[in-house]
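Notes for the one structure printed next.
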Amino acid sequence: MQALYEQFYQLLELTPMNFFREKIDQINWDVRILGILGQKGVGKSTLILQHIKRQGNVDKSLYIVADDIYFSAHTLLETARDFFARGGKYLYIDEIHKYQNWSREIKNIYDSLPLLHVVYSGSSMLDLKQGGADLSRRVIEYHLPVWSFREYLNLRCGWQLKTATLDEVLKGKVDFPYGAERPLMYFDEYMKKGCYPFSLEPEFETRLRQVVNTTVELDIPKYAQMTIAATQKLKKFMYYISKSVPVKINYSDMARDLALDREDLPKYLEYLEKAELVSVLRMKANGDAILRKMDKLYLHNPNMSYVLSGEKPNDGNSRETIFLCWTKHLYDTLESPISDFEIAGKTFEVGGRKKGKKQIQDATEGYVVKDNIEYVFDNQVPLWMFGFLY
């Protein structure tokens with residue numbers, strides 16, 4: 001246990017306290033079992049360590065990483081019991097998706113240590129029913145998305161810009177300072193590397209590539225218990241997507257192009273989507289959203305497009321990618337039958353400055369979203385403003 005405490009204190013000392021995501025105050029940290037999920041690299045570990053440092057109960061807290069070598073000889077349950085016996089009250093477990101049968105052990109901790117509070121973080125692909133231990137009635141989970149344009153501006157410029165609702169965005173009521181500052185000055189920057197908290201650090205491209213590679217080569221295979229051969233196929237599928245997006249989903253064509261079994265592709269796509277490496281745009285239809293037909297496939301955000309393709313991605317692809325990335329965090333964003341996207345009955349056509357209104361002329365409520373304008377005019381809305389939704 002001493003080694004775990006020493007590592008915890010070292011990490012705590014290195015945790016920056018100069019900037020907080022609003023999510024830290026939206027989370028109910030008092031629940032007994034709390035999960036914080038999100039794509040690798042979005043800042044889950046920093047958020048947890050900042051909370052520990054800020055709330056002041058360091059002597060009753062312990063932060064551990066689930067793939068630490070310590071757990072080659074000890075279980076999470078054993079560690080939790082030992083920690084509780086020493087007077088511990090708040091156990092924080094990072095990267096829990098790397099621990100085999102994690103859900104069963106969390107359930108055992110919940111049942112056997114009713115006075116212990118547990119917070120865990122992990123990939124968005126985690127299934128609360130994994131391993132036969134259903135945690136859905138016990139755990140409260142929060143999702144931490146990639147950084148929005150607003151959050152990037154706050155981090156980069158030291159501002160405190162506030163979020164806007166969808167209706168406020170459509171009316172141009174966005175908290176941007178203007179004056180000498182212009183939003184498009186920063187928007188291109190954001191599209192290249194603003195979706196992650198390490199955007200201002202050197203070697204951003206290398207680090208993001210490591211995030212993607214680790215997820216594809218280690219995290220997903222370990223979670224899905226893949227063979228080495230299956231892992232190679234998953235990497236091949238991810239590379240194909242990075243070079244082709246957005247792509248119409250046709251498993252037969254994909255299987256032919258990749259020389260892979262058609263039956264494997266839906267499973268691989270499910271893992272990649274849950275790990276937030278790709279985004280799927282589903283068609284509008286009645287019934288359960290999960291059962292809707294999948295139509296288009298995108299990389300999760302435009303930063304990935306720049307890094308994985310090794311060149312500037314197509315502008316049209318980037319525009320659609322970031323619009324979907326931002327809006328799907330809060331809304332059920334679907335493919336529009338007459339245009340690009342539909343959200344809550346509103347139709348959105350995404351394009352450049354010269355994009356016209358032809359695709360939305362039959363829409364009950366339609367908007368043209370443009371990537372190189374600063375202000376709302378009529379039903380033309382700047383793309384960057386949707387980066388203030390969260």
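The values are calculated or read from the model by the stated rules, or taken from the named source; none is laboratory data. Quick caveat, the model's predicted, so the values are computed rather than measured. When we count neighbours, we look across all protein chains shown, and the Cβ atoms used for this are built from the backbone with ideal geometry, even at glycine.
Which one of Leu135, Leu184, Leu161 is in the same structural domain as Leu91 (by TED's automatic domain parsing) and either at pLDDT 95 or above or more than 26 Å from Tyr306 (Cβ to Cβ) (or both)? It would help to see each step written out before you state the result.
On the way: Leu184 fails: in the same structural domain as Leu91 (by TED's automatic domain parsing); Leu161 fails: in the same structural domain as Leu91 (by TED's automatic domain parsing).
Just one listed residue meets the conditions, Leu135.
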Could you check segment 311-351 and list, in sequence order, the residues that are within 20 Å of His143 (Cβ to Cβ), among the charged types (D, E, K, R) and either modelled with pLDDT under 95 or in contact with a helix residue (DSSP H, G or I) (Cβ under 8 Å, 6 or more places away or on another chain) (or both)? Asp332
Evaluation of Glu201 against (1) among the charged types (D, E, K, R); (2) within 19 Å of Val42 (Cα to Cα); (3) surrounded by 16 or more Cβ atoms within 10 Å (Cβ to Cβ) (one fails), failing number: (3)
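When the residues of segment 171-198 are filtered to those that are of a type in the set (Ser, Thr, Tyr) and over 20 Å from Leu324 (Cβ atoms), which remaining residue is surrounded by the fewest Cβ atoms within 10 Å (Cβ to Cβ)? If you could, list the steps in order and put the result at the bottom.
We begin by selecting, within segment 171-198, every residue of a type in the set (Ser, Thr, Tyr); these are 178, 186, 190, 196.
Checking which are over 20 Å from Leu324 (Cβ atoms) leaves us with 178, 186.
On the way: Tyr178: 10, Tyr186: 19.
Across segment 171-198, the extreme among qualifying residues is Tyr178.
So, Thr327, is that one touching a residue at least 24 places away in the same chain (Cβ under 8 Å), under 24 Å from Thr215 (Cβ atoms) and more than 13 Å from the chain's Cα centre (by Cα) or not? Give the steps one after another, and end with the answer.
On the way: touching a residue at least 24 places away in the same chain (Cβ under 8 Å): yes; under 24 Å from Thr215 (Cβ atoms): yes; more than 13 Å from the chain's Cα centre (by Cα): no.
No: the conditions fail for Thr327.
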Conditions first: (1) under 30 Å from Asp127 (Cα atoms); (2) part of a loop (DSSP other than H, G, I, E, B). Asp175 passes all but one, so which condition is the exception? (1)
Name every residue in segment 256-275 that is surrounded by 16 or more Cβ atoms within 10 Å (Cβ to Cβ) and either over 20 Å from the mean Cα position of the chain (by Cα) or β-branched (Val, Ile, Thr) (or both), in order of residue number. Leu258, Leu260, Asp264, Leu265
Residue ID - surrounded by the fewest Cβ atoms within 10 Å (Cβ to Cβ), chosen from residues in segment 347-373 that are small (Gly, Ala, Ser) and under 22 Å from Arg150 (Cα atoms): Gly352
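Against the condition outside the structural domain of Asp30 (by TED's automatic domain parsing) and touching a strand residue (DSSP E or B) at 6+ places or on another chain (Cβ under 8 Å), how does Pro177 come out, does it pass?
On the way: outside the structural domain of Asp30 (by TED's automatic domain parsing): yes; touching a strand residue (DSSP E or B) at 6+ places or on another chain (Cβ under 8 Å): no.
No: the conditions fail for Pro177.
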List every residue pair whose Cβ atoms lie under 7 Å apart, where the two residues are 6 or more positions apart in sequence or sit on different chains, the first residue falls within segment 9-22 and is in the same structural domain as Tyr92 (by TED's automatic domain parsing) and surrounded by 12 or more Cβ atoms within 10 Å (Cβ to Cβ), and the second residue, located anywhere, is among the basic types (Lys, Arg) and not in a loop (DSSP other than H, G, I, E, B). Leu12/Lys53; Thr15/Lys53
Looking only at segment 68-78, count every residue that is under 13 Å from Gln7 (Cβ atoms) and surrounded by 17 or more Cβ atoms within 10 Å (Cβ to Cβ) and tell me the total. 2
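Taking segment 110-159 only, how many residues are of a type in the set (Gly, Ala, Ser) and surrounded by 17 or more Cβ atoms within 10 Å (Cβ to Cβ)?
In the first step, residues of segment 110-159 are kept if they are of a type in the set (Gly, Ala, Ser); the result is 112, 121-124, 131-133, 136, 148, 158.
Add one more test, that the residue is surrounded by 17 or more Cβ atoms within 10 Å (Cβ to Cβ), and what stays is 121-124, 133, 148.
Result for segment 110-159: 6.
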Residue check for Val376: aliphatic (A, V, I, L, M), in contact with a Lys or Arg (Cβ under 9 Å, 6 or more places away or on another chain) and buried (at least 21 other Cβ atoms within 10 Å of the Cβ): no
